[in-house]
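Q: Let me begin by handing over the structure; questions about it come next.
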Amino acid sequence: MIEGGCLCGAVRYRTEADPVMTGRCCCQSCQKLSGGGHADNMAFPEAAVTVTGPVQDFSWTADSGGTVTTSFCPRCGSPLFGRSTNMPGLLVLRAGSLDDPSLYSPQMVVYLSSRQPWVTLDPNLPTFDTMPPL
């Protein structure tokens, strides 16, 4: 069981599924969303994730031309998960919102081309300058 939620507790999620993929994204959108140099993400089948509580969505056009929608708590502002039209059927949970963030283990780093010089990387992880083909 993987569970998580926002800082104030108004929004909760849970899944019994295993992640389809995990990764650290260094794109500028994830930098802004996280308030740091990257975002750590875990993708799950959307149908396998249950969300309770109200969320606010914000959408934008990604460099791929697809639409990315991020969902956050309207009360405390915690970024919780996102969706992309380029990855239909997947819900991407923000690893920092997990109740037990130690369950997260990145498989790759994407958007290395946007990485800030002060973000250190695990040299054993594969890296991609942008988003690899799905």
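Q: When you look at THR50, is it more than 17 Å from GLY96 (Cα to Cα), open to solvent by 40 Å² or more (accessible area, probe 1.4 Å) and not hydrophobic (A, V, I, L, M, F, W, C), yes or no?
A: Spelling it out, THR50 is indeed more than 17 Å from GLY96 (Cα to Cα), open to solvent by 40 Å² or more (accessible area, probe 1.4 Å) and not hydrophobic (A, V, I, L, M, F, W, C).
Q: Let me ask you something else. List the strands (runs of 3 or more DSSP E) that sit entirely inside region 1-119 and contain at least 1 residues that are without any contact (Cβ under 8 Å) to a residue 12 or more places away in the chain.
A: So the answer is 56-61.
Q: Tally the residues that are of a type in the set (A, V, I, L, M, F, W, C) and either open to solvent by 70 Å² or more (accessible area, probe 1.4 Å) or closer than 16 Å to GLY37 by Cβ (or both), restricting the search to region 94-107.
A: Within region 94-107, residues that are of a type in the set (A, V, I, L, M, F, W, C) and either open to solvent by 70 Å² or more (accessible area, probe 1.4 Å) or closer than 16 Å to GLY37 by Cβ (or both) number 2.
Q: Which count do you get for residues in region 22-60 that are at pLDDT below 95 and aliphatic (A, V, I, L, M)?
A: Total meeting the criteria: 1.
Q: Restricting attention to region 1-25, report how many residues are closer than 24 Å to CYS76 by Cα and not basic (Lys, Arg).
A: Qualifying residue count for the region: 13.
Q: Is it fair to say VAL55 is open to solvent by less than 30 Å² (accessible area, probe 1.4 Å) and either over 24 Å from ASP18 (Cα atoms) or of a type in the set (Val, Ile, Thr) (or both)?
A: Taking the combined requirement at face value, the residue does not satisfy it.
Q: Which of the residues that make up region 7-19 are within 26 Å of THR120 (Cβ to Cβ) and either crowded, with 16+ Cβ neighbours inside 10 Å or touching a strand residue (DSSP E or B) at 6+ places or on another chain (Cβ under 6 Å) (or both)?
A: Selection gives PRO19 alone.
Q: Looking at LEU121, LEU80, LEU91, which is the one that is out of contact with any helix residue (DSSP H, G or I) (no Cβ under 6 Å at 6 or more places or on another chain) and either open to solvent by 30 Å² or more (accessible area, probe 1.4 Å) or closer than 22 Å to CYS6 by Cα (or both)?
A: LEU121
The values are calculated or read from the model by the stated rules, or taken from the named source; none is laboratory data. Since the model is a prediction, treat every value here as computed from it, not as a measurement. When we count neighbours, we look across all protein chains shown, and the Cβ atoms used for this are built from the backbone with ideal geometry, even at glycine. Keep in mind that these areas ignore ligands, DNA and RNA; they rest on the heavy atoms of the full protein, side chains included. Shrake-Rupley method; radii C 1.70, N 1.55, O 1.52, S 1.80 Å.
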